[in-house]
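S.K.: Can you read through this structure? Questions will come right after.
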Amino acid sequence: MDDRFGMREALRALSKAPERIWPDGILHHGVRVALLCGLALVVHLLFPIAPVPDFPVLEKGMVAEEDVIAQVGFPIYKAEADLARERAEAAAGVAPLFEYDPSAVDTMRARVADFLDRIRGIVEGTADETAERAELRRLLQSYGLPTNDESVALIQSPRQRSLLERALNDAIRSELPVGIASTTDAAENVASQIRLRRGEEERLLPRDSLLTAPRFFERAARHLPRSSAAELAELQRLVLIRFFEPSVRLNRDATEAARERARRAVPAIKGEVLKGEKIVGAHEQIRDAELERLQAYQEQLAKLGEVPGAATSVGRSAGAVLYNIALLLIFGLLLLHDGPAVYRNFRHIVLIAALILFPAGVAAVVAGSGWPAELIPIAFPALVVAVLWGGRLALILALVLAVLLAGQTPFLGLSVLFTLVAGGATAALAARVVRRRSQTWIYIAILAAAYVAAAVILGLLRSREAAEVITSSAWGTLNAVASVLIALGFLPLFEAFTRITTDQTLLELSDMNHPLLQRLQREAPGTFSHTLNVANLAEAAARAIGANALLTRVGVYYHDIGKTLKPQYFIENQPQGRNPHDKLKPATSAMIVRNHVVEGLRLAGEGKLPASVSAFIAEHHGTQQISFFYERARELDPDGEFDERDFAYPGPRPQSRETAIVMLADSVESAARVLQDPTPERIRALVDRIVEGKMAQGQLEDAPLTLQELARIKDQFVSGLAGIYHQRIDYPSAREEPEGTPAAAPGAAAGRG
C-alpha cells in the first residue's frame, strides 16, 4: 500500500509543471532526458553494432555498384533448416544394431510347456467332461485365447494335443534360433541395412533379411502335418503369438549413439571465402547466393569485432547510441513544443517509452530468429497513441520508430524501412476510420491491405518471385491481426494508467442501453428529457469553441444520475401541484438536493465510469448556493444560525471547458422552460443574465474559458433554445436560482440540477 502510494506521489510530482528553473525545471526535464537516454541505450543493447564503417547495404534484387572484397576469410554456414535436414538424413542412414539373445528359445519353450502342462493337468485331473470343458474355457480365456467349442475340443483330444505340442516345440527349436525380431523393433529401422551381432561376431545384412514375428508365425505352420485341421493351425499361431519372445533385439542405446555420431559428422559449413576474394562483383544483381555470402561476411565481422581499417567497437557503439538519441530527441522536442500536456504528464511519457521499447524488443527477437521483418509490430504503438492522443502524434511516432529500427544493423536497407513506414503510418491514420471496437476487423483489413501493398511494391522494385510476395503479404496480415487485437485488448489498461478516456469508450458510454441511462429513463423520465436537451445545447457549444464535443455530450448524459435515488424531490419529475418539499424542513430539502451530486458520484464509481465523465457530476453545479432553501430557512427562523456549506453544492467549481459549458447549459435550459414569449431577444437576455451571474459568483474562475469563447457559447445557446421552447410562464428574475430553477412554488429550487 505504501509503495503504491509513494509511486502515485512520485508520478504526481514529476507531472507538475515546474515553477522555477532550479531545481524544479532541472528535475522536470532532467528525468525525461534521462529516460530518453536510457531508452536509446536499451535499443542499442538489443542489436549488435555495425561491424565495419560503410558496410554495403545490399538487398536481394539490387545491383552492386562496386566490387565487395572480403577483408577477412569467413565460412558460409548452412541454414539451420538445411543443416537439420542433412543431419536427419545422416542419422536415418545409420544401420541399426540388433543383438542375438540365445535365452529367447529356452524362455519361450518354458512358457509353452507351462501352458501345455496346465491343459494336461485339467484333462487328466477332471472326471466330469462338462466340468473339464468349463475349466479349459477358463484357462484359455485367462491367456486371451479363443474359447469356442472347436478350440476346446482340439485340446481335449489327446492326438490333436500331441500334434500341437510337437509342432510348437519344433517351431521354437528350429525357427527361433535363426533370429526373429519384434515388429516394433523392425519398424524403427528405415536404413537399407542392419548390423546383427551374435556373440563376438557382427555382420552387416540387408534390411529385408531381418525376420520378424509375422514371418516366424508363418514358418511355424510348416511344422504341422498337411492334413491338420485349420482350427489346429490357427490355435498354434495364437499360442505362439501369446508366448512370443524375440531372439533378436534392437540395441537402442548403441544405435542412437551411432546416429548421433553421424549427425555430428555432417559439416555445418558449406563453403568458404578467402581473404581478398570477391564476394559480389560490380554491376551484378544480388540473388540468393550473393545475399547469403554477404550475410555470412557480416556475421563474421561482427564476431571478430575489429578488422583492419575499421573504427574501434567503442566508437561504433557510441555512434549507434547517438543515432538512437538523435531520433528519439526529435520526437521528444515535438512533444515539448506541440504536445505540452503529454510532455508534462509523466505517466504519458512512461507509456510512450514502453510503446517504443515493445516493438524494439520484438524486432530484436525477429532479427535473432531470422524471421521476416513484416512481423515487427509497429502498428501496435501507432494504434495506441492514435487512440489516446491523436493521429498526428501517432504518425510522427511511427515514422521516428521506423527510421530508428531500420537504422539497426539487422534491418539496414530500404525494404524494412518502407515496410515499417507503411504499417505504422496506416495504423496512425486509419484510427480515425474506426470509431467503435465492433469495427475492429475493418481496421485490420485496412492495415493488412497496407502490408500487402508494401509487399507488392517491394516485389516489383526488387524483382521478387510471386511466392516471396505472397509470403511477405501473409506475414504482414498476421502482424496486422495480432497488433490490432493486442492493442485493443490492452487499451482499457492504458486508459486507466494514463487516465485518458478515449473516443471509443465515450461512444460506448453514449449508448442509451447503458444500465445507468436505462435507470435514468425508467425512474426519472423528466430528468432524462432535461438531460437530452442540455446535451444538445452543450455539444453544439463545445464544438463551436473547439472543446471535446463527444466528452461534453456523454458527460451531460450522466451528470444527473444521482437523481434516480429520489426522483420525486426534483420538480421535473413531479406531478403538477404535488411537491414533497412542502412537508420538509429547508435544511432537509437542501441536503436531498445536494446529495444528488454525492449519490451520482457513488453510482459513477459503482458503474466504473471514467474520471473524466464523473467530473461532470461533481462540477456541473460547482459550489453554488442552494439559495431558495437557504432563504426559506432564514425566513422561518430569522434569528437562527445556519452553516452556508449545508446549503451549497460540494463542488468543485468547473475545472475544464467542457464541465463549465455543461454548468451553463444546465442552467439556461432549465430557465428557458418557464420563459414566457421566448423571442430571440428574451432568450438572449436570459442567457446573458445567467452567464453573468455564474461569472459574478466566481463559478467559472477555474475553467480555461476566454471571453471570446463565452460569447460563442452564448450564441449557440440562443440559437439552440430558440428552436426548442414556446410560450411559458415568465421567468421571475427577482428569485433567480443558481441552477436556473423557478421559485414560484415551494421547493422549486430542487427542481433542476
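The values are calculated or read from the model by the stated rules, or taken from the named source; none is laboratory data. Predicted model only: the values in this text are computed from it and were never measured. Counting neighbours? That spans all protein chains shown, and the Cβs are built from the backbone with ideal geometry, glycine included. Accessible surface is based on the protein model in full, side chains and every heavy atom, while ligands, DNA and RNA are left aside. Shrake-Rupley method; radii C 1.70, N 1.55, O 1.52, S 1.80 Å.
S.K.: Need one number: nm distance between label points at Thr471 and Arg519, each 7 Å from Cα along Cα→Cβ, rounded to one decimal.
M.R.: Those two pseudo-labels are separated by 5.8 nm.
S.K.: Given (i) 35.8; (ii) 32.3; (iii) 60.3 as candidate values of mean projected area of the Cα convex hull in nm², which corresponds to the one derived from the coordinates?
M.R.: Answer label, from the structure shown: (iii).
S.K.: Once the piece of chain linking Gln568 and Val42 is laid out straight, how much longer is it, given 0.36 nm per residue of separation minus the C-alpha distance between them? Write out the running numbers ahead of the final one.
M.R.: On the way: separation 526, 0.36 × 526 = 189.36 nm, distance 6.22 nm.
Here the answer is 183.1 nm.
S.K.: Test of understanding: what is the full-extension gain from Leu322 to Ser510, defined as 0.36 nm times their sequence separation minus their Cα-Cα distance?
M.R.: Value of the extension gain: 62.9 nm.
S.K.: Ranked from highest to lowest mean number of other Cβ atoms within 10 Å per residue, what is the order of the peptides 133-142, 412-421?
M.R.: Top of the packing list down: 412-421, 133-142.
S.K.: Show that you can apply the helix-only estimate: for the chain, add -39,500 (n - 2.57) for every DSSP H stretch of four or more residues, divide by all residues, and state [θ] at 222 nm to the nearest 500. Before the final figure, lay out the partial values.
M.R.: Numbers: 30 runs with 456 residues, N = 753.
Only helices count here, giving -20000 deg cm²/dmol.
S.K.: Based on the alpha carbons, how large is the Rg to Rh ratio for segment 542-699 when Rh follows Kirkwood?
M.R.: Details: Rg = 16.5 Å, Rh = 16.9 Å.
My calculation puts Rg/Rh at 0.98.
S.K.: Heavy-atom accessible area of Asp582 with all protein chains present, probe 1.4 Å, nearest 10 Å²?
M.R.: Its accessible surface works out to 80 Å², give or take rounding.
S.K.: In terms of solvent-accessible area of protein heavy atoms at a 1.4 angstrom probe, what is the ranking of Leu395, Leu211, highest value first? Let's see the in-between values first.
M.R.: Details: Leu395 50, Leu211 25 Å².
In descending accessible area the options line up as Leu395, Leu211.
S.K.: Averaged per residue, what accessible surface does the chain expose to a 1.4 Å probe, in Å²? Mind showing how you got there, number by number?
M.R.: Working: 36450 Å² over 753 residues.
Counting only protein heavy atoms, the per-residue value for the chain is 48 Å².
S.K.: For the chain, give the percent of accessible area contributed by carbon and sulfur heavy atoms, probe 1.4 Å, rounded to a whole number.
M.R.: In the chain, the share of accessible area belonging to carbon and sulfur is 56 percent.
S.K.: Obtain the radius of gyration and the Kirkwood radius of segment 97-218 from its C-alpha atoms and give Rg over Rh. Don't jump to the answer; show the numbers that get you there.
M.R.: On the way: Rg = 18.7 Å, Rh = 16.8 Å.
The Rg/Rh ratio comes out at 1.11.
S.K.: Quick one: P(r) of segment 152-268 from all Cα-Cα pairs, 10 Å bins, percents rounded to integers, in order of increasing distance.
M.R.: Values per bin, smallest distances first: 11, 36, 25, 15, 8, 3, 1.
S.K.: Per-residue HN-Hα couplings for segment 670-677, Karplus 6.51 cos²θ - 1.76 cosθ + 1.60 at θ = phi - 60°, whole Hz, x for Gly and Pro?
M.R.: 5, 5, 5, 5, 10, 7, 7, 6
S.K.: For segment 93-235, what relative contact order do you get, as a whole percent, if you take Cα pairs closer than 8 Å and at least 6 residues apart?
M.R.: Working: 128 pairs, mean separation 48.7, N = 143.
Averaging sequence separation for qualifying contacts and normalising by length gives 34 percent for segment 93-235.
S.K.: With both bridge residues required to lie in the chain, what share of the DSSP beta bridges run antiparallel, to the nearest 5%? Show your work: numbers first, answer last.
M.R.: Details: 17 of 23 bridges.
Percent antiparallel among DSSP bridges in the chain is about 75.
S.K.: Check Thr212: other-chain or 5+ apart residues with amide H under 5 Å from its amide H, H built from backbone geometry?
M.R.: Placed amide hydrogens put Ala181 under 5 Å from Thr212.
S.K.: Moving on to the next point. Heavy atoms only, 1.4 Å probe, whole protein assembly: order Trp371, Trp389 by accessible area, highest first. Please report the intermediate quantities before stating the final value.
M.R.: On the way: Trp371 135, Trp389 50 Å².
My answer, sorted largest first, is Trp371, Trp389.
S.K.: Any idea what the relative contact order of segment 498-637 is, in percent, if you count C-alpha pairs under 8 Å spaced at least 6 apart? Could the numbers behind the result be given before it?
M.R.: Numbers: 138 pairs, mean separation 36.9, N = 140.
Once normalised by length, the contact order is 26 percent.
S.K.: Between Arg198 and Leu478, what FRET efficiency follows from the Cβ-Cβ distance if R0 is 51 Å, with the result rounded to 0.05? Spell out each step's value before the answer.
M.R.: Details: r = 57 Å, r/R0 = 1.12.
FRET efficiency, Arg198 to Leu478: 0.35.
S.K.: Another question, then. Compute the distance in nm between two label points, each set 7 Å from the Cα along the Cα-to-Cβ direction, one at Phe642 and one at Glu89.
M.R.: Modelled inter-label distance: 9.9 nm.
S.K.: Which links in Lys583/Lys608; Lys566/Lys694; Lys585/Lys714 stretch past 32 Å when you go from one Cα to the other? Working shown, then result.
M.R.: On the way: Lys583/Lys608 36 Å; Lys566/Lys694 27 Å; Lys585/Lys714 37 Å.
Violating the 32 Å limit, Cα to Cα: Lys583/Lys608; Lys585/Lys714.
S.K.: Provide Rg over Rh for segment 390-528; use the alpha carbon set for both Rg and the Kirkwood Rh (inverse mean inverse pair distance).
M.R.: On the way: Rg = 19.9 Å, Rh = 17.3 Å.
With Rh from the inverse mean 1/r over Cα pairs, Rg/Rh is 1.14.
S.K.: Using a 1.4 angstrom probe and counting only protein chains, how large is the accessible area of Glu508 in Å², to 10?
M.R.: 90 Å²
S.K.: At Ala711 and Thr147, where each label point lies 7 Å from the Cα along Cα→Cβ, what is the point-to-point distance in nanometres?
M.R.: 10.8 nm
S.K.: How high is the relative contact order of the chain, given as a whole-number percent (alpha carbon pairs under 8 Å, six or more residues apart)? Write out the running numbers ahead of the final one.
M.R.: Values: 1059 pairs, mean separation 93.0, N = 753.
Reported as a whole number, the value is 12 percent.
S.K.: Measure nothing fancy, just the Cα-based angle from helix 680-696's long axis to the longest principal axis of the chain, in degrees from 0 to 90, nearest 10.
M.R.: 80 degrees
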